[in-house]
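Coordinate-derived values only; no laboratory data. Since we're looking at a predicted model, the values are computed, not measured. Every residue, glycine among them, receives a Cβ derived from its backbone with ideal geometry; neighbour counts consider all protein chains shown.
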Amino acid sequence: MRLRCAAVLALASALLGACAAKQDADQPATMARARELMASAESNRGDLVMRCEPADAEVLLDGVQQGTCSDFSGVSRSLRLGEAGFHQVEVKKRGYWPYTTYYEPSGARVTLKVKLRPVVPEAGGGAP
């Protein structure tokens, strides 16, 4: 009986070892595919929704004019940042101090609120 139990245990160990070896052999391909899917899901693209005063201020992305703030102010309208890394976002209009910031896309949609200040202070206002 002991001999029979030992034989059954040996057979079970051999079968489990073969299954584990098969899983280990399949795992690298599975892991590579999982990493590929994760990388595509974690893209570094992002969208900026612009809320500006005045709404007709110009928007520049990395020094290139993209349009006005009102062009990027809606639910389906946003400034698309396609490449990874920091991007310079500038909002400007004649008669106002320009606004410049840097943004690194995180894969999410973000709202940027900008209120430009007039170069010449309004009546009753202090120096900028």
Taking placed amide H atoms and a strict 5 Å upper bound, the residues 5 or more places from Ala57 or on another chain that come that close are Cys69, Ser70
Points 7 angstrom from Cα along the Cβ direction at Ala55 and Ala108: gap in nanometres? 2.7
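When you count, for each residue, the other Cβ atoms within 10 Å and take the mean per peptide, how do 29-36, 52-59 rank with the highest first? Walk me through the numbers before you get to the answer.
Details: 29-36: 10.0, 52-59: 17.1.
My ranking of the peptides, most packed first, is 52-59, 29-36.
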